[in-house]
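Structure first, then comments.
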Amino acid sequence: MDTLKIDIVSDVVCPWCVIGFRNLKKAMHELQTELNFEVSWKPYELHPEIPQEGYDKKLYMQQKFGSSNGRAPYNEITKIGESIGFEFNFSKTERIPNTFMAHRLLWKAEQCDLQTELSEALFEAYFSDGLNIGSKQILAQISESVGMDKKEIINFLDSKEGGQEIADLEMNFIEKSIGAVPTYFINEKYIIQGGQEPETFVSFLRKIIQKENAANQ
């Protein structure tokens, strides 16, 4: 076996998805002399109830944690971000976006082989820059920054293209009882969840390689 297929079930407003992918990238880099990787991003909405125009973050945090600043739950994540070279600026974000449109854009980006680049750009836009990734114009700008055609993307976002596909994919993961992200499907049959350490990913992936190679002998 020379290629592992990794499907990442993720949401663009999930900080652990950022941490998990940064650590997965380190693991893939360590294993790059042993095999290739085919990475695909799959949709999951942490807040499907959020309206299309988004929701005031301070109000949301007050309702969920009893505090409008919401700093305490994110202190650990911010420190982890610093350790992996990612800047979490939770105070910059004013609205929690509905992410369905961003998932449609990621679906489109896969056709251009730019899905991972777009995922990382969306993470940075939301968590580091505090941008509203529920906005069509912001999404178009981000897509342009990774090499997609801005006018084409605006037309795409104005359409319903990809909507049914995203809904079907999300339902598929609900039926598989996936209730948390990130979740990684390896070769469509092995599962690992959470923002694991690079060493954990390396160990897990090596065990899969051994098992797959043994099965193919």
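Here is how the numbers come out for the structure above:
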{"item": "Matching residues in segment 180-190 - criterion: being surrounded by 13 or more Cβ atoms within 10 Å (Cβ to Cβ) and without any contact (Cβ under 8 Å) to a residue 60 or more places away in the chain", "result": "Tyr190"}
{"item": "Among (1) at pLDDT 95 or above; (2) among the small types (Gly, Ala, Ser); (3) crowded, with 16+ Cβ neighbours inside 10 Å - the single one Gly70 does not satisfy", "result": "(1)"}
{"item": "Filter result for Asp7 (in contact with a Cys (Cβ under 8 Å, 6 or more places away or on another chain), modelled with pLDDT of 95 or more and not small (Gly, Ala, Ser))", "result": "no"}
{"item": "Answer residue from segment 97-107, given it is surrounded by fewer than 21 Cβ atoms within 10 Å (Cβ to Cβ) and in contact with a Leu (Cβ under 9 Å, 6 or more places away or on another chain) and is nearest to Glu38 (Cα to Cα) among those", "result": "Trp107"}
{"item": "Gln62 being outside any helix (DSSP H, G or I) and more than 20 Å from Lys176 (Cβ to Cβ)", "result": "no"}
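Quick grid of which residues meet (1) part of a helix (DSSP H, G or I); (2) in contact (Cβ under 8 Å) with a residue 40 or more places away in the chain; (3) within 14 Å of Val9 (Cα to Cα):
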{"residue": "Lys151", "(1), (2), (3)": "yes, no, no"}
{"residue": "Lys160", "(1), (2), (3)": "no, no, no"}
{"residue": "Ile166", "(1), (2), (3)": "yes, yes, yes"}
{"residue": "Glu170", "(1), (2), (3)": "yes, yes, yes"}
{"residue": "Ile178", "(1), (2), (3)": "no, yes, yes"}
{"residue": "Phe201", "(1), (2), (3)": "yes, yes, no"}
{"residue": "Gln210", "(1), (2), (3)": "yes, no, no"}
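The values are calculated or read from the model by the stated rules, or taken from the named source; none is laboratory data. Because the structure is predicted, anything quoted here is derived from the model rather than measured. Positions of Cβ are generated from backbone atoms using ideal geometry, with glycine treated the same way; all protein chains shown enter the neighbour counts.
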